[in-house]
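Notes follow the structure.
The values are calculated or read from the model by the stated rules, or taken from the named source; none is laboratory data. Small disclaimer: the values here were computed from a predicted structure and weren't measured. In this analysis, Cβ positions are derived from the backbone assuming ideal geometry, glycine residues included, and neighbour counts consider all displayed protein chains. Please note that ligands, DNA and RNA were not included when accessible areas were found on the heavy atoms of the full protein model with its side chains. Shrake-Rupley method; radii C 1.70, N 1.55, O 1.52, S 1.80 Å.
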Amino acid sequence: MQEDSHTEFKSSFSDAVIESLVAFTNTKGGKVLVGVDNEGNPIKSFTIGGETLQNWVNEVKNKTQPNIIPDAEIITIQGKDVASLYVQEFPIKPVSFKGRYFKRVRNSNHQLSLTEISDLHLKSFNSSWDSYINPEYTVDTLSLDKVRDFVAMCNKDREVRIEDDPLTVLTKFELIKASGVTNACYLLFADHDVFSASMELGRFDTATSIKDSLSIRSNLFTEVEDVINFVRKHINKSYIISGDPQRGRTMAIPHTGYSGNRYQYDRPSRLYTLRRFLGQDI
């Protein structure tokens, strides 16, 4: 027997035991054996009193948030009684111990970063950042004209047209909910500049010299168009004189035009496709 991603050995009960239990609840569950050495052998001087397990369970409950209650039992290893504290993976994550969060990685505990804490919380609710309600945004911060443009774009390729008003459309797509406006809705249809989705574009003349640049702080639909236009502006072009009234033109990444919900650029054996955010598949 050895320590692994589901098992931890402790010679006595302490805060380190609770830390391990929290790490197990934030991953796949596991058990802490109390009263054994690092190799899993029982410690001869270890004893368990009549109220010991219940006191430990209460301490674990009081020092964790949300409160966890381990399954505690006395087991026998090599003829000696040791304590086993077992927890399952907790459904609502992350669980904390004294304001700190841990996860189990192989046979050790690792403290979670702020990003990991946020991601774990959202995953436990089967959601993501873009579907999260942001109290800073309201319907007044959105441009309904942009929503109408979006509907018109979708209707070009739909057999069944969208006839709903803008707010109904946003509700059906779950971009706005009864409790407010989601981050995704704001990124797509913000009425003003969106600093949380800013982009910096540059055309480098040398490794340290920028020939042209562009800062974009708009909704995602507009950003896609602006990026494409900036790229097309700086793609190398050549002109072909073939005797036709109009000269021909080729590009370093040939532009085959706009098709449905995507711009396409061809290269030998490669297809560069820039899909619009929320395209015809909606």
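Relative to the current alpha-carbon distance between N126 and I92, full extension at 0.36 nm per residue lengthens the span by 11.2 nm. With the Cα gyration tensor of region 102-215 giving a ≥ b ≥ c as the square roots of its eigenvalues, does the rule (a/c under 1.5 for rounded; else a/b larger than b/c for prolate; else oblate) give rounded, prolate or oblate? Here region 102-215 falls in the oblate category.
Rounded to the nearest 10 degrees, the inclination of helix 52-62 to the longest alpha-carbon principal axis of the chain is 30 degrees.
A Gaussian network model of the chain, with springs between Cα atoms under 10 Å, assigns the largest mean-square fluctuation among T182, T27, T47 to T47. Near the amide H of T27, within less than 5 Å, lie the amide hydrogens of F90, R104, all on another chain or at least 5 residues away, with H placed in the peptide plane. Taking a straight Cα-Cα cut-off under 26 Å and skipping sequence neighbours fewer than 8 places away in the same chain, the lysines within cross-link reach of K177 are K93, K123, K146. At full extension, S209 and T222 could sit 2.0 nm farther apart than now, given 0.36 nm per residue minus the alpha carbon distance.
How would region 1-62 be classified by its alpha-carbon gyration tensor: rounded, prolate or oblate, with rounded meaning a/c under 1.5 and the a/b versus b/c comparison settling the rest? It is oblate, given that a/c is not under 1.5 and a/b is not larger than b/c.
Using heavy atoms of the protein chains and a probe of 1.4 Å, the accessible area assigned to M1 is about 130 Å². Among the trypsin sites (Lys or Arg not before Pro) in region 131-218, those located in a DSSP loop and surrounded by at most 13 other Cβ atoms within 10 Å of their own Cβ are K156, R158, R161. Apolar share of the accessible surface for the chain: 48 percent from carbon plus sulfur atoms, 1.4 Å probe.
Each part reduced to its alpha carbon centroid, region 110-157 and region 1-63 end up 41 Å apart. Take every pair of alpha-carbon atoms less than 8 Å apart whose residues are at least six positions apart; their mean separation over the length of the chain yields a relative contact order of 12 percent.
Placing a label point 7 Å from the Cα of T52 along the Cα-to-Cβ direction, the residues of region 66-80 with a backbone N closer than 13 Å are 73-77, 80. Over the chain, with a Gaussian network built from C-alpha contacts below 10 Å, which listed residue (G50, G29, G180) shows the highest mean-square fluctuation? Most flexible of the set in this elastic network: G50. This structure gives Cα extents along the principal axes in Å, computed directly, and of (1) 66, 51, 35; (2) 99, 46, 37; (3) 50, 41, 35 that value is listed as (2). Couplings 3J(HN,Hα) for region 184-192, derived from phi with the Karplus relation 6.51 cos²θ - 1.76 cosθ + 1.60 (θ = phi - 60°), are 4, 4, 5, 4, 7, 10, 4, 7, 10 Hz, where x marks Gly and Pro. When you filter the trypsin sites (Lys or Arg not before Pro) in region 1-108 for DSSP loop state and at most 10 other Cβ atoms inside 10 Å of their Cβ, you are left with K44, R106.
Per-residue extension of 0.36 nm, minus the Cα-Cα distance of F173 and E59, leaves a gain of 36.5 nm for this segment.
Towards the positive end of the charge dipole of the chain, with charges on Cβ (+1 Lys, Arg; -1 Asp, Glu), say which of Y186, N41, S20 has the farthest Cα. Towards the positive end, the residue furthest out is Y186. Scanning residues 5 or more positions from S96 or on other chains, those with amide H under 5 Å from its amide H are Q65, with H placed 1.01 Å from N in the peptide plane. Rounded to the nearest 10 degrees, the angle from helix 114-124 to the longest Cα principal axis of the chain is 90 degrees.
Phi-derived couplings, Karplus 6.51 cos²θ - 1.76 cosθ + 1.60 at θ = phi - 60°, listed residue by residue for region 195-212: 6, 6, 10, 6, 10, 10, 10, x, 10, 7, 7, 9, 5, 10, 10, 9, 7, 8 Hz, with x used for Gly and Pro. Phi-derived couplings, Karplus 6.51 cos²θ - 1.76 cosθ + 1.60 at θ = phi - 60°, listed residue by residue for region 94-104: x, 8, 10, 10, 6, x, 10, 10, 9, 9, 8 Hz, with x used for Gly and Pro.
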